[in-house]
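The values are calculated or read from the model by the stated rules, or taken from the named source; none is laboratory data. Note that the coordinates shown come from a computational prediction; the quantities given were computed from them, not determined experimentally. A quick note on method: Cβ atoms are made from the backbone with ideal geometry, for glycine too, and the neighbour counts reach across all protein chains shown.
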Amino acid sequence: MKKGEVGLVLLLITVGLGLALSSSSSSSSRGYNEYDRDRWNPPPSYRTASSSSMVLNRVGSSIVLPVDGNVYPTGSYNVTLLVGNPPKPYFLDPDTGSDLTWLQCDAPCVQCTETPHPLYRPTSELVICKDPICASLQPGDYRCESPQQCDYEVEYADGGSSLGVLVKDVFPLKLSSGGQLSPRIALGCGYDQLPGSSHSFIDGVLGLGRGKSSLTSQLSAQGLVRNIVGHCLSSKGGGYLFFGDDLYDPSRVTWASMPRDSKHYSPGIAELTFAGKPTRSRNLLILFDSGSSYTYLSSQAYEDLASRVIRELKELKGKPFKEAIDDPTLPLCWKGRRPYKNIRDVKKYFKPFALGFPGTGQSKTEFEIPPESYLIISSKGNVCLGVLNGTEAGLQNYNVVGDISMQDKMVIYENERQMIGWAPASCNKVPKSKAFRS
Ligand SMILES: *[C@@H]1O[C@H](CO)[C@@H](O)[C@H](O)[C@H]1NC(C)=O
Ligand SMILES: *[C@@H]1O[C@H](CO)[C@@H](O)[C@H](O)[C@H]1NC(C)=O
């Protein structure tokens with residue numbers, strides 16, 4: 001999405017990282033000047049990117065990475081990736097709402113936020129401007145002003161951004177069936193970052209979107225795994241991320257087709273049902289975005305949902321909940337008769353809601369969201385609604401399913417067949433690779 005096309009840039013509240021707006025190298029919206037851009041002269045040892053092609057599509061292999069973090073109180077997830085030669089570890093926020101992977105980078109750094117690890121120093125080559133991966137990150141009308149390098153800028157829906165230059169470096173990765181890969185992957189060396197409203201203490205972003213620059217696309221273009229990425233986030237915190245098709249049985253997954261023209265992962269248009277009953281909210285354009293901690297519904301649907309939840313609470317015998325106006329955690333919180341510790345203590349008072357997609361044939365495809373996947377318990381022991389008003393957040397007509405609602409499900413972004421799938425799962429344990437199953 002280009003800047004200005006939709007007003008995703010100026011968000012007032014946290015939208016996680018998701019939804020990268022595509023870059024514009026001629027943008028001066030941040031007071032960035034060309035002098036800075038050209039300041040990084042790569043050391044002479046940097047070679048120009050050479051293309052290696054190895055086209056064998058390894059079917060039946062996967063790469064699995066443990067995920068750390070939670071929706072609340074941390075507010076973000078991260079995976080540890082090794083990059084470079086010798087390899088060094090970095091904490092990256094896995095984001096299916098954007099494409100480019102980047103690290104805060106000593107190029108030198110003009111503006112970096114605090115990082116858990118020392119800043120990344122590229123250990124190999126620059127990506128040239130003509131590289132298709134570079135082109136995929138630029139606006140349509142861009143010119144290669146410096147042909148030997150690729151400048152990029154990405155902006156996120158929460159107001160954060162990264163500006164830098166593309167390099168290629170080694171990503172040592174283990175296959176779940178055993179075996180070691182060392183692909184060279186294009187990534188951003190980000191030397192000018194602005195933190196967004198949902199900023200967390202990380203080294204960079206792991207871009208997992210549909211574009212050419214995403215890690216998923218690059219691994220598959222090199223024939224290493226199929227063009228499939230998935231995650232399983234546990235409501236107890238943590239989980240895992242995977243690439244490839246080896247960890248699930250497709251016949252046990254609920255699938256929805258992605259609209260072909262969608263730049264983002266979208267299972268299409270949905271209707272909202274609450275406790276199994278239809279609401280007024282139909283024609284909701286849904287995006288799945290692991291870079292967003294909470295779920296966002298556009299104003300009408302948000303109002304539908306919030307009013308149903310409130311009505312259900314009012315109808316409870318003895319009215320055990322009242323609105324906790326003094327709890328700033330999220331816009332809508334309720335105080336119970338006692339402070340709660342765990343969502344399991346309160347889930348019986350709340351009903352599930354669901355997003356229904358037109359399925360194949362007669363059957364409808366439902367994405368069910370139980371109370372555990374739309375509520376949190378705040379540090380004050382109140383129950384808060386983890387679904388927010390997307391219109392207020394500047395997301396216009398997009399409805400973003402965030403981490404909170406994807407918990408305890410395996411969510412699969414299947415770029416080979418343009419499908420998104422989900423299946424109930426316990427995400428604390430990585431399932432065995434098919435290679436080890438008989
Ligand atoms: C990221 O992961 C590391 C290692 O698993 C963990 O120590 C760290 O606290 C995590 N950071 C965040 C912000 O979740
Ligand atoms: C959602 O946000 C919009 C824009 O700020 C506002 O007009 C609308 O009243 C909000 N809806 C609800 C139900 O709060």
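Points to keep in mind about this one:
- Only one of 105, 144, 150 that is touching a helix residue (DSSP H, G or I) at 6+ places or on another chain (Cβ under 9 Å) and surrounded by 23 or more Cβ atoms within 10 Å (Cβ to Cβ): 150
- The one condition from (1) at pLDDT 95 or above; (2) farther than 30 Å from residue 329 by Cβ; (3) surrounded by fewer than 17 Cβ atoms within 10 Å (Cβ to Cβ) that residue 177 does not meet is (1).
- Screening the range 55-126 for strands (runs of 3 or more DSSP E) wholly inside it with 2 or more residues that are within 14 Å of ligand 1 (Cβ to nearest atom) and either touching an Asp or Glu at 6+ places or on another chain (Cβ under 7 Å) or without any contact (Cβ under 8 Å) to a residue 60 or more places away in the chain (or both) returns the ranges 76-83, 88-95.
- Selection status of residue 373, in the same structural domain as residue 396 (by TED's automatic domain parsing), within 27 Å of residue 196 (Cβ to Cβ), within 16 Å of ligand 1 (Cβ to nearest atom) and small (Gly, Ala, Ser): no
- Counting residues in the range 380-401 that are touching a residue at least 24 places away in the same chain (Cβ under 8 Å), closer than 30 Å to residue 221 by Cα and more than 16 Å from ligand 2 (Cβ to nearest atom) gives one or more.
- Pairs, first among the small types (Gly, Ala, Ser) in the range 295-313, second modelled with pLDDT under 95, C-beta under 7 Å, six or more apart: 298/397
- Selected residue [over 27 Å from residue 76 (Cβ atoms) and either within 29 Å of the chain's Cα centre (by Cα) or assigned by TED's automatic domain parsing to the domain that holds residue 254 (or both)] from 281, 298: 281
- Taking the range 206-248 as the range and being of a type in the set (A, V, I, L, M) and either crowded, with 24+ Cβ neighbours inside 10 Å or under 17 Å from the mean Cα position of the chain (by Cα) (or both) as the test, the residues that pass are 206, 208, 215, 219, 225, 228, 229, 233, 241.
- Qualifying residue in the range 356-375 (condition: over 20 Å from residue 421 (Cα atoms) and within 16 Å of ligand 2 (Cβ to nearest atom)): no
- Qualifying residue in the range 402-409 (condition: away from ligand 1 (no atom under 16 Å from the Cβ), over 25 Å from residue 63 (Cβ atoms) and either more than 16 Å from the chain's Cα centre (by Cα) or not in a helix (DSSP H, G or I) (or both)): no
- Taking strands (runs of 3 or more DSSP E) as the structural unit, those lying wholly within the range 190-308 and holding at least 1 residues that are within 16 Å of ligand 1 (Cβ to nearest atom) and under 30 Å from residue 135 (Cα atoms) correspond to 204-207, 228-233, 239-244.
- Residue match in the range 336-349 (condition: at positive phi and modelled with pLDDT of 95 or more): no
- Residue within the range 128-144 that is among the β-branched types (Val, Ile, Thr), under 28 Å from residue 244 (Cα atoms) and either without any contact (Cβ under 8 Å) to a residue 60 or more places away in the chain or not in a helix (DSSP H, G or I) (or both) present: no
- Filter pass, residue 352 being within 16 Å of ligand 2 (Cβ to nearest atom), under 26 Å from residue 288 (Cα atoms) and out of contact with any Leu (no Cβ under 6 Å at 6 or more places or on another chain): no
- Picking from residues in the range 180-199 that are hydroxyl-bearing (Ser, Thr, Tyr) and crowded, with 19+ Cβ neighbours inside 10 Å, the one that is farthest from residue 69 (Cα to Cα) is 191.
- Test for residue 268: is it closer than 30 Å to residue 312 by Cα, of a type in the set (Gly, Ala, Ser) and either surrounded by fewer than 24 Cβ atoms within 10 Å (Cβ to Cβ) or not assigned by TED's automatic domain parsing to the domain that holds residue 313 (or both): yes
- Qualifying residue in the range 425-434 (condition: at pLDDT 95 or above and of a type in the set (Val, Ile, Thr)): no
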